[in-house]
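Visitor: One structure is given below, represented as structure tokens, and several questions about it will come after.
The values are calculated or read from the model by the stated rules, or taken from the named source; none is laboratory data. Just so we're clear, the structure is a prediction, and the values are computed from it rather than from any experiment. Cβ placement follows ideal geometry from the backbone for every residue including glycine, while neighbour counts extend to all protein chains displayed. These area figures cover heavy atoms from the full protein model, side chains too; ligands, DNA and RNA do not enter into them. Shrake-Rupley method; radii C 1.70, N 1.55, O 1.52, S 1.80 Å.
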Amino acid sequence: MTETGLHHVTAFSGAAARNAEFYTAVLGLRLVKKTVNFDDPGTYHLYYGDETGRPGTILTFFPIAHAAPGRAGVGETQETAFRVPRASIGWWTHRLIEKGVSHEALVQVFGEPTLRLRDPDGTALALVGVAEAGEAPAWTGGAVPAEHAIRGMHGVTLLLDTAEATGAILTGVLGFAETGREGGAIRYAGTAREGTFVTLRAVGGFLRGRTGAGSVHHIAFRAADDAAQAAMAQALRERFGLSVTEQRDRQYFRSVYFREPGGVLFEIATDAPGFAVDEPVEALGDALKLPAFLEPHRASIEQALPAIA
Ligand code: ZN
């Protein structure tokens with residue numbers, strides 16, 4: 001069966017080394033790919049995920065040292081949440097205190113214990129305690145003991161003027177179904193175990209967001225293959241009148257992009273080929289990987305990029 005859900009989330013951060021330190025040494029994710037922004041090769045593109053970077057586990061960053069901070073607002077992703085075993089929420093609370101990570105008191109969101117925190121650039125994150133998350137495999141090579149490790153993404157919350165038009169695309173094209181409403185938020189779920197939820201929060205009249213460090217650039221949804229992606233793009237054009245880009249080869253997946261009616265940049269990315277296409281699983285993230293069209297410029301690219309410990 002085709003799995004539907006989030007493929008990855010991509011955000012802006014400040015300094016690359018600080019970003020890498022937080023996501024690997026504090027949150028215990030694996031740096032599964034160290035490459036550059038294909039559209040701006042002077043900037044890293046860092047991918048964090050589970051052991052192999054399966055769809056639904058991936059958070060990626062374009063780190064820009066000294067970037068101005070973004071501002072949360074309408075037309076943006078408000079929060080990116082990860083899954084952890086429910087029994088591990090107390091362990092995580094202690095860890096955030098011990099590591100000096102800015103966080104809030106535990107709250108219940110759609111019946112699940114939720115620990116909200118900020119990364120060093122102010123990116124709004126959450127750890128959600130999910131009863132069955134402990135059954136999913138965990139990366140054993142990380143900075144967090146495997147029993148407590150993050151088990152992929154839980155979902156994202158989008159801040160919108162109104163929710164209806166975005167909801168129609170989630171259910172009509174991207175394979176989601178509405179699963180609940182709580183305090184003005186509407187939750188939709190895909191079928192995949194990770195990256196399952198998109199929650200829409202309608203806050204008409206609120207300020208628009210401003211892009212910068214700590215803000216999400218786009219969220220990507222899964223397509224099983226090129227044909228499924230093409231069918232989704234066709235539906236977006238013909239049934240919703242949206243303009244969708246041509247397919248772009250992102251080396252680890254193939255993507256199309258569109259601006260959804262609420263203003264958030266959406267991508268649809270294929271599950272294949274994945275991150276092991278240009279280096280073995282054991283070595284993921286170790287070396288700077290470049291697509292063939294940038295390989296001739298490797299020396300100057302490497303020279304321009306800051307070191308990551
Ligand atoms: Zn993307």
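Visitor: Amide H neighbours of G14 under 5 Å, at least 5 residues apart or on other chains, H built in the peptide plane: list them.
Guide: Those qualifying (amide H under 5 Å, at least 5 residues apart or on another chain) are I64, G214.
Visitor: Using Cα centres only, tell me the gap between the stretch 130-186 and the stretch 1-72 in whole Å.
Guide: 17 Å
Visitor: Related question: Hey, how much of the P(r) for the chain falls beyond 24 Å, as a percent of Cα pairs?
Guide: 50 percent
Visitor: In addition: If you find the alpha carbon centre of the stretch 266-289 and of the stretch 200-231, how far apart are they in angstrom?
Guide: 21 Å
Visitor: For the stretch 1-89, go through all pairs of different Cα atoms, get the mean of 1/r, take its inverse, and jot down that Kirkwood value in Å.
Guide: It works out to 14.4 Å.
Visitor: Ok, one more. Could you work out how far apart the two model spin labels at H66 and A283 are, taking each label as a point 7 Å from the Cα in the direction of the beta carbon, and quote it in nm?
Guide: 3.5 nm
Visitor: Still on this structure, I have one more. Between A235 and I97, with labels modelled 7 Å along Cα→Cβ, what's the label distance in nm to one decimal, could you check?
Guide: In this crude label model, A235 to I97 measures out at 4.7 nm.
Visitor: Which of the lysines could be linked to K289 by a straight reach, that is with a Cα gap under 28 Å, when you skip same-chain ones fewer than 8 residues away?
Guide: K33, K34
Visitor: If you don't mind, there's one more thing I want to ask. Would you kindly find the accessible area of D278, with a 1.4 Å probe and non-protein molecules such as ligands, DNA and RNA excluded, rounding to the nearest 10 Å²?
Guide: 40 Å²
Visitor: Is it possible to state the helix-based mean residue ellipticity at 222 nm for the chain, with each DSSP H run of 4+ residues giving -39500 (n - 2.57), the sum divided by total residues, to the nearest 500 deg cm²/dmol? What is it?
Guide: Details: 5 runs with 46 residues, N = 309.
Taking each H run of at least 4 residues, the total per residue is -4000 deg cm²/dmol.
Visitor: Set the Förster distance to 35 Å, then compute FRET efficiency between S300 and Q247 from the Cβ-Cβ distance, nearest 0.05. Mind showing how you got there, number by number?
Guide: Values: r = 28 Å, r/R0 = 0.81.
Rounded to the nearest 0.05, the efficiency is 0.80.
Visitor: Relative contact order for the chain: what is it in percent, counting Cα pairs under 8 Å that are at least 6 residues apart?
Guide: About 25 percent, as a whole number.
Visitor: Please figure out what share of the DSSP beta bridges in the chain is antiparallel and state it in percent, rounded to the nearest 5.
Guide: Roughly 65 percent of the beta bridges in the chain run antiparallel, per DSSP.
Visitor: For H148, tell me the accessible area in Å² from a 1.4 Å probe, rounded to the nearest 10.
Guide: The accessible area comes out at roughly 30 Å².
Visitor: Give me the aspartates and glutamates in straight-line cross-link reach of K99: C-alpha distance below 17 Å, same-chain residues under 8 apart excluded.
Guide: Partners within reach: E21, D119, D121.
Visitor: Sorted by accessible area with a 1.4 angstrom probe, largest first, how do M153, M232 fall?
Guide: M232, M153
Visitor: Moving to a separate point now. Would you please put 35-42, 241-248 in order of how densely packed they are, using the mean number of other Cβ atoms within 10 angstrom per residue and starting with the highest?
Guide: 35-42, 241-248
Visitor: Which value, in Å² and to the nearest 10, is the accessible area of V281 when all protein chains are kept and the probe is 1.4 Å?
Guide: 40 Å²
Visitor: So, one more: For the residue pair A292 and R259, what label-to-label distance in nm results when each label sits 7 Å from Cα along the Cα-to-beta-carbon direction?
Guide: Distance between the two pseudo-spin positions: 3.4 nm.
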